[in-house]
Amino acid sequence: MKVREYGSGSARQIVLLHGGGLSWWNYRDEAELLQKSFHVILPVLDGHAGSGKPFTSIEDNAAEIVDFIGRELGGSVDLIGGLSLGAQVLLEILSMRGDICRCALVESACAVPSALTAALTGPALGMSYGLIRNRAFARVQFRSLHIREDLFADYYRDSCLISREDMTAFLRASSVYQPKDPLRDCRARVQVLAGGKEGTRMLRSAELIHGMIPGSTLEILPGFRHGDLSLNRPAGYAARIRGMLERIDL
C-alpha cells in the first residue's frame with residue numbers, strides 16, 4: 001500500500017481515506033493544515049493512480065489498512081476519516097477492529113445498495129471510458145462533481161491513470177456496499193456526515209450508519225453537496241478534526 005505522510009512520525013496520528021476516483025490529494029490541504037500538530041497519513045486506495053495494486057474489494061482494502069496500522073503505527077491511531085468509497089473502507093475497518101481509533105469521521109458513505117446501479121456501471125463506463133483522456137470531457141465531468149477548480153489538474157492526471165477494470169470494480173463495489181453487523185461493536189467516537197444537497201439514498205445511508213454505531217452523532221450539512229466538506233472546505237474539515245480530538249481529551 002502506498003501512502004503520503006505529513007508531519008512528525010512521533011506525533012498523534014490521523015489516517016484519511018480519499019473518495020473513489022480521487023487520490024491522496026483529496027486531503028492534501030487538510031494534511032498541510034494539521035501537520036504541525038499531527039502525523040497525517042494519506043493512503044492511496046487500491047485501483048487508483050499510484051497505488052500499484054488492482055482493486056479487489058472494499059473489504060480487502062480495509063484489511064490492508066488494518067495491517068498497515070498494526071505494522072507501522074503501533075496498532076491504533078487517534079482518528080480515521082474517509083469520504084465516499086474511503087468512508088465505506090473506514091466502516092469496514094471499524095467492523096474489523098472496533099478499537100483501532102479513538103475517533104472516526106464518516107463523510108458521505110453510501111450504505112443502501114443498488115443492484116441496478118451496479119448492473120449499469122459496466123455499460124456506462126463502456127460508453128464513456130474512452131473519453132476520460134479528452135480534457136474537455138474531463139472538465140465537464142469535473143464540474144458536475146462540484147469540486148473546486150484548483151484540483152482539476154490532479155483529478156485529470158489521476159483519472160487518466162485508472163484502468164477501466166479498476167474503475168468498474170470500485171464503482172460496482174461501492175454501489176452494492178452494506179455495513180456489517182460487527183460495526184455495532186465499534187468503540188470509537190464517530191461523526192456521520194452527509195450533505196443536505198445529496199440524494200435520498202445518501203441521506204438514508206447516513207441515518208442507517210448512525211443507527212448502527214453506538215453513541216455516534218449524525219450531522220446533515222445544510223447546502224453541502226457530496227464531498228463538499230473535505231474537498232472544498234479543508235479549513236473547516238481540519239477544524240472539525242481538532243475539535244473532535246480536543247473533546248475526547250477532556
(message) Ignoring ligands, DNA and RNA, please state the percent of accessible area on segment 38-185 from carbon and sulfur, probe 1.4 Å.
(response) 57 percent
(request) Pull up the cross-link candidates among the lysines for K53, meaning alpha carbon to alpha carbon under 17 Å and not fewer than 8 places away within one chain. (result) K2
(request) For the chain, state the average projected area of the convex hull of the C-alpha atoms over all orientations, rounded to one decimal in nm². (result) 12.2 nm²
(message) How far apart, in nanometres, would the label points at R187 and A119 be if each is projected 7 angstrom from Cα along the Cα-to-Cβ direction?
(response) 4.4 nm
(request) Can you grab the distance from the C-alpha centre of segment 101-133 to the C-alpha centre of segment 163-208, Å, no decimals? (result) 10 Å
(message) Probe of 1.4 angstrom, ligands and nucleic acids ignored: what's the accessible area per residue over segment 68-176, in square angstrom?
(response) 41 Å²
(request) Treat every Asp and Glu Cβ in the chain as -1 and every Lys and Arg Cβ as +1, leave all other atoms uncharged, and give the resulting dipole magnitude about the Cα centre to the nearest 20 debye. (result) 480 debye
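For the chain, which longest stretch is free of loop sites, where a loop site is one of the trypsin sites (Lys or Arg not before Pro) that DSSP puts outside H, G, I, E and B and that has at most 16 other Cβ atoms within 10 Å? Each step should come with its number before you reach the end.
Numbers: sites that count: K2, K36, R133, R148, K180, R187, K197.
The reported range is 37-132.
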(message) Under 10 °C and 1.306 mPa s, how fast does segment 62-114 diffuse according to Stokes-Einstein, given a Kirkwood radius computed over C-alpha pairs? Answer in µm²/s, whole number.
(response) 143 µm²/s
(request) Starting from segment 100-203, pick out the GluC sites (Glu not before Pro) whose DSSP state is loop and whose Cβ has at most 11 other Cβ atoms within 10 Å. (result) none
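From the Cα trace of segment 10-108, what convex hull volume per residue do you get, rounded to a whole Å³? Write out the running numbers ahead of the final one.
Values: hull volume 9.0 nm³, N = 99.
Convex hull of Cα atoms, per residue: 91 Å³.
The values are calculated or read from the model by the stated rules, or taken from the named source; none is laboratory data. Given the structure is predicted, the values throughout are model-derived calculations rather than measurements. In this analysis, Cβ positions are derived from the backbone assuming ideal geometry, glycine residues included, and neighbour counts consider all displayed protein chains. Keep in mind that these areas ignore ligands, DNA and RNA; they rest on the heavy atoms of the full protein, side chains included. Shrake-Rupley method; radii C 1.70, N 1.55, O 1.52, S 1.80 Å.
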